[in-house]
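The structure appears right after this line, and notes come after that.
The values are calculated or read from the model by the stated rules, or taken from the named source; none is laboratory data. What you see is a predicted model; the values in this text were computed from it and never measured. Note that we place each Cβ from the backbone using ideal geometry, even for glycine, and neighbour counts take in every protein chain shown.
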Amino acid sequence: MYDVLILGAGPAGLGAAIYGIRAGFKLAVIDQSPVSGGQVLNTYEVDNYLGLPMISGGDISDKFREHADKLGVEFITAQVTGIETGKEPENIKTVKTDNGDYEAKALILATGAEHMHLGVKGENELSGMGVSYCATCDGAFFRKRTVAVVGGGDVAVEDAIFLAGICRRVYLIHRRDKLRAADILQKKLMSLENVEIIWDSEVKEIKGSDVVEGVELFNKKSNECSSLEVNGVFIAVGVKPVTEMFKGLVEMNEGGYIIAGEDCCTSAEGIYVAGDIRKKPMRQIITAVADGANAINSLQNALMRG
């Protein structure tokens, strides 16, 4: 029996673990991977986390895990298959996994969100080596270089605008002949001289040996293939929260994000949420770690109240 089980070993889960262990809770972190870090592991370099400039995604993940290990946090490698609640006498939560069942008085859900992928050749192989899913995280590493953004929604257009301020040239590749982004964003994009929109086109392959060197495109209207030389590819075709297993357990919005305020309290008693699966305006490493701390603080307050 644990005081709290934390599902997910990304920045949110590790932040919760560090604050939880220091608060005296008996806890464990459950994650399907033995390597902690979550999406951060796929980031080539991080330059916006306070005190750790120009650090690789792997190195910052290692530092987070080392901190947790130093404090004696228990880690369980297992795939969560389901959650049951309501066991008396204290509404005990049972986390079912492929490695057995675990019980706790409280849960912190921190399973993170996944970037939607194009599913093309070269995407996984060059992830972190020119393929990125976060322009604000990685854009600075392509200063004065040529990049492509894939997508047509608000995020893609915002990414292209941001990158246009630091890159020599930006191509926005969209599979349709109209953007889905807000009008104000489209007008800003169209005013930028170093941005070119490639309409009606899909990326068929991301090319490069050790780093991104270019993309192969297919124009759906002309049925023609073409090549484009770029140093980086920013994919902005959407993200999806890893919350399928929590349906019916806590309140979510239509996109599958768990509804909770800054206190990280969900609609279910004794269940908290932290990180990218929480409905919020900004999803970054620093906000994920903060969610972890807030979730533990809310748990402490709930225990003090009775």
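Could you please let me know if residue 184 is surrounded by fewer than 17 Cβ atoms within 10 Å (Cβ to Cβ) and either out of contact with any Leu (no Cβ under 8 Å at 6 or more places or on another chain) or not in a helix (DSSP H, G or I) (or both)? Write out each step before concluding.
Details: surrounded by fewer than 17 Cβ atoms within 10 Å (Cβ to Cβ): yes; either out of contact with any Leu (no Cβ under 8 Å at 6 or more places or on another chain) or not in a helix (DSSP H, G or I) (or both): yes.
Judged against the criteria, residue 184 is a match.
Condition check ((1) of a type in the set (Val, Ile, Thr); (2) more than 28 Å from residue 175 (Cα to Cα); (3) assigned by TED's automatic domain parsing to the domain that holds residue 151) across all residues:
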{"site": "231", "(1), (2), (3)": "no, no, yes"}
{"site": "247", "(1), (2), (3)": "no, yes, no"}
{"site": "251", "(1), (2), (3)": "no, yes, no"}
{"site": "266", "(1), (2), (3)": "yes, yes, no"}
{"site": "270", "(1), (2), (3)": "no, yes, no"}
{"site": "273", "(1), (2), (3)": "yes, yes, no"}
{"site": "295", "(1), (2), (3)": "no, yes, no"}
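Scanning the range 252-281 for residues that are part of a loop (DSSP other than H, G, I, E, B), touching a Ser or Thr at 6+ places or on another chain (Cβ under 9 Å) and closer than 20 Å to residue 5 by Cβ returns 260, 263, 264, 268, 269, 270, 275, 276, 277. Report yes if residue 245 is without any contact (Cβ under 8 Å) to a residue 12 or more places away in the chain and closer than 16 Å to residue 114 by Cα, otherwise no. No, not satisfied.
For the range 209-226, the set of residues classified as assigned to a loop (DSSP other than H, G, I, E, B) and among the small types (Gly, Ala, Ser) consists of 209, 222, listed by residue number.
Total residues in the range 74-95 satisfying the condition of being in contact (Cβ under 8 Å) with a residue 12 or more places away in the chain, surrounded by 13 or more Cβ atoms within 10 Å (Cβ to Cβ) and either over 30 Å from residue 133 (Cα atoms) or among the charged types (D, E, K, R) (or both): the figure is 8.
Residues that are assigned by TED's automatic domain parsing to the domain that holds residue 124, under 26 Å from residue 113 (Cβ atoms) and either small (Gly, Ala, Ser) or outside any strand (DSSP E or B) (or both): does the range 198-208 have at least one? No; the residues of the range 198-208 include none that is assigned by TED's automatic domain parsing to the domain that holds residue 124, under 26 Å from residue 113 (Cβ atoms) and either small (Gly, Ala, Ser) or outside any strand (DSSP E or B) (or both). Residues of the range 48-82 that are in a loop (DSSP other than H, G, I, E, B) and hydrophobic (A, V, I, L, M, F, W, C): 50, 52, 54, 71, 73, 78. Among the residues of the range 98-105, none qualifies, meaning not one is at pLDDT below 90, in contact with a strand residue (DSSP E or B) (Cβ under 8 Å, 6 or more places away or on another chain) and more than 25 Å from residue 304 (Cβ to Cβ). Among what's in the range 1-47 and is part of a loop (DSSP other than H, G, I, E, B) and among the aromatic types (Phe, Trp, Tyr), pick the residue that is modelled with the lowest pLDDT. That would be 44.
If I filter the range 203-212 for residues that are free of Cβ contacts under 8 Å to residues at least 40 places away in the same chain and more than 29 Å from residue 13 (Cβ to Cβ), do I get at least one hit? Scanning the range 203-212, I find at least one residue that is free of Cβ contacts under 8 Å to residues at least 40 places away in the same chain and more than 29 Å from residue 13 (Cβ to Cβ), so the answer is yes. Here 279, 240 are screened, and the one residue that is in contact (Cβ under 8 Å) with a residue 40 or more places away in the chain, under 20 Å from residue 115 (Cα atoms), surrounded by fewer than 17 Cβ atoms within 10 Å (Cβ to Cβ) and under 19 Å from the mean Cα position of the chain (by Cα) is 240.
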